[in-house]
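These notes are about the structure you will find just below.
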Amino acid sequence: MIQKIETEKIPIKLWLENLEEGALQQAKDLANLDIAFRHIAIMPDSHQGYGMPIGGILATKDGIVPNAVGVDIGCGMCSLKTNLKEIELGDLKKIMSNIRETVPVGFNQHQEKQDDTWMPVLNEDLPIVSQEFERGKYQIGTLGGGNHFIEIQKGSDGFIWIMVHSGSRNMGYTVANHYHKKAVEETKQRGNQVPKDLSYFVKGTESYDNYFKEMNYCIEFALQNRKLMMERVKDAFVALVPEVEFSNFINKPHNFAAWETHFGENLMVHRKGATRAEKGEWGMIPGSQGTHSYLVQGKGNPLSFNSCSHGAGRVMSRAEARRSLDLKKEVAQLKEMGVLHALRHKKDLDEAPSSYKDIKEVMGLQKDLVEIKVELTPLAVIKA
């Protein structure tokens with residue numbers, strides 16, 4: 001931990017020195033939330049979000065906050081190790097081309113429904129999920145936009161790795177919006193004086209139970225989404241390198257809420273842009289496009305509710321990045337690194353390396369949270 005703020009109802013523990021004003025105010029709002037437990041934890045990649053800072057951890061005993069999970073429920077990353085130690089540039093380009101043909105990106109989705117077996121089983125009455133279920137069959141196995149990516153990497157262990165970052169697509173977005181609106185209504189009816197974006201459901205109510213069940217379905221959908229994309233990436237490798245083998249699958253969501261035990265209490269731990277890092281637990285912390293990523297093992301630090309950062313974190317907004325960064329300079333930086341990148345137009349500058357924090361500095365701030373096991377150097381990346 002780098003610093004602690006004790007001016008609010010409960011302390012705020014931060015793993016960074018400077019937090020932008022908007023995110024700091026959101027952290028203070030969390031610390032004054034009547035259901036917040038013990039302290040708020042803020043990770044080194046933190047920046048302003050909706051209601052709650054990205055890179056924040058909120059623990060509660062008696063409520064659940066939809067906006068403390070976010071609109072991309074279950075968003076996360078998965079990694080897979082290959083037995084390849086090298087890959088020819090020509091083969092790498094062909095593999096990336098094959099992936100683009102089979103994995104829709106941005107707002108695109110599949111033209112045909114994907115096999116039903118990829119969809120998590122719907123065996124409960126989940127009204128919003130049921131409404132989106134058939135549409136989900138076209139969206140499962142698709143990347144989406146924003147900071148989502150498919151990246152081929154060379155590990156410090158000598159092997160080629162694959163990493164995929166994506167979420168629950170429209171399924172999670174629709175569930176999140178529905179329940180946030182409902183939380184606003186119920187919080188107002190109860191007379192709780194909290195910021196609108198931190199409206200919550202009370203434990204034991206129907207809405208609490210319904211949101212928790214639909215949220216968990218979206219988490220499973222997001223995992224299946226990543227798994228299907230990973231299968232398509234594997235197919236692209238096999239088509240060029242038939243002898244390739246795959247192992248060491250790792251999956252880590254970073255937008256979710258789950259029951260966990262901390263400080264002797266059974267708590268609902270909300271992680272929004274934060275990764276669970278229990279002692280010995282494997283995880284991933286990617287940098288920005290063109291910078292290193294890391295495979296890590298958690299140290300189980302109780303002060304962070306056994307959590308770590310989910311990435312590098314933004315240093316400027318998307319609009320600011322498009323307005324202020326120089327496309328030629330950013331492309332030159334990526335070319336110098338030898339990365340097959342996804343920076344083509346000015347509109348892509350929101351995902352340029354300079355729009356993110358320095359991942360090495362971020363890693364240095366959380367040495368008490370994780371141990372680096374493998375450093376990953378980017379070779380090629382696909383973004384929307």
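The values are calculated or read from the model by the stated rules, or taken from the named source; none is laboratory data. No experiment lies behind these values; they were computed from the predicted model shown. Note: ideal-geometry Cβ built from the backbone for every residue, glycine included; neighbour counts use all protein chains shown.
Some observations on this one:
- Set side by side, the residues SER288, SER307, SER293 differ, and just one is modelled with pLDDT under 95 and of a type in the set (S, T, N, Q), which is SER288.
- Residue check: THR117 meets all listed conditions (1) surrounded by 15 or more Cβ atoms within 10 Å (Cβ to Cβ); (2) closer than 26 Å to ALA239 by Cα but one, namely (1).
- Residue count, the stretch 269-291 (criterion: in a loop (DSSP other than H, G, I, E, B) and basic (Lys, Arg)): 1
- Between VAL103, VAL121, the distinction of being without any contact (Cβ under 8 Å) to a residue 12 or more places away in the chain, closer than 29 Å to HIS310 by Cα and β-branched (Val, Ile, Thr) belongs to VAL121 only.
- Every condition in (1) part of a loop (DSSP other than H, G, I, E, B); (2) crowded, with 16+ Cβ neighbours inside 10 Å holds for SER79 except the one numbered (1).
- Across the stretch 171-185, the number of residues qualifying as under 14 Å from GLN224 (Cα atoms) and over 15 Å from the mean Cα position of the chain (by Cα) comes to 1.
- Neighbours by Cβ (under 7 Å, 6+ apart or cross-chain): first from the stretch 305-321, under 16 Å from GLY287 (Cβ atoms); second surrounded by fewer than 23 Cβ atoms within 10 Å (Cβ to Cβ) and among the acidic types (Asp, Glu): ALA321/ASP350
- Filtered residues of the stretch 291-318 (kept if among the small types (Gly, Ala, Ser) and touching a strand residue (DSSP E or B) at 6+ places or on another chain (Cβ under 6 Å)): SER293, GLY298, SER304, SER307, SER309, GLY311, ALA312, GLY313
- Scanning the stretch 295-310 for residues that are surrounded by fewer than 23 Cβ atoms within 10 Å (Cβ to Cβ) and either under 25 Å from LEU349 (Cβ atoms) or of a type in the set (A, V, I, L, M, F, W, C) (or both) yields a single hit, LEU303.
- Residue in the stretch 197-230 that is surrounded by the fewest Cβ atoms within 10 Å (Cβ to Cβ), counting only those that are on the phi < 0 side of the Ramachandran plot and without any contact (Cβ under 8 Å) to a residue 24 or more places away in the chain: GLU206
- Conditions (1) modelled with pLDDT of 95 or more; (2) crowded, with 22+ Cβ neighbours inside 10 Å; (3) in contact with a Phe, Trp or Tyr (Cβ under 7 Å, 6 or more places away or on another chain): number failed by ALA236: (3)
- Here VAL69 meets the list (1) surrounded by fewer than 21 Cβ atoms within 10 Å (Cβ to Cβ); (2) within 25 Å of TYR179 (Cα to Cα); (3) modelled with pLDDT of 95 or more; (4) among the hydrophobic types (A, V, I, L, M, F, W, C) almost entirely, failing just condition (1).
- Hits in the stretch 156-196 (condition: of a type in the set (S, T, N, Q) and buried (at least 18 other Cβ atoms within 10 Å of the Cβ)): SER166, SER168, THR174, THR187
- THR174 meets all of the listed conditions (1) in a helix (DSSP H, G or I); (2) within 22 Å of VAL339 (Cβ to Cβ) but one, namely (2).
- In the stretch 134-170, residue farthest from the chain's Cα centre (by Cα) [restricted to those that are within 16 Å of PRO286 (Cα to Cα) and at pLDDT below 95]: GLY146
- Residue match in the stretch 135-154 (condition: crowded, with 20+ Cβ neighbours inside 10 Å, in contact (Cβ under 8 Å) with a residue 60 or more places away in the chain, in contact with a strand residue (DSSP E or B) (Cβ under 9 Å, 6 or more places away or on another chain) and among the acidic types (Asp, Glu)): yes
- Among residues of the stretch 49-66, those that are under 16 Å from GLY146 (Cβ atoms) and surrounded by 24 or more Cβ atoms within 10 Å (Cβ to Cβ), counted: 2
- Long-range neighbours under 6 Å by Cβ, at least six apart or interchain, first residue more than 22 Å from ASN306 (Cβ to Cβ) within the stretch 15-27, second part of a loop (DSSP other than H, G, I, E, B) and among the charged types (D, E, K, R): none
- Conditions (1) within 29 Å of ILE160 (Cα to Cα); (2) surrounded by 13 or more Cβ atoms within 10 Å (Cβ to Cβ); number of the one not met by LYS85: (2)
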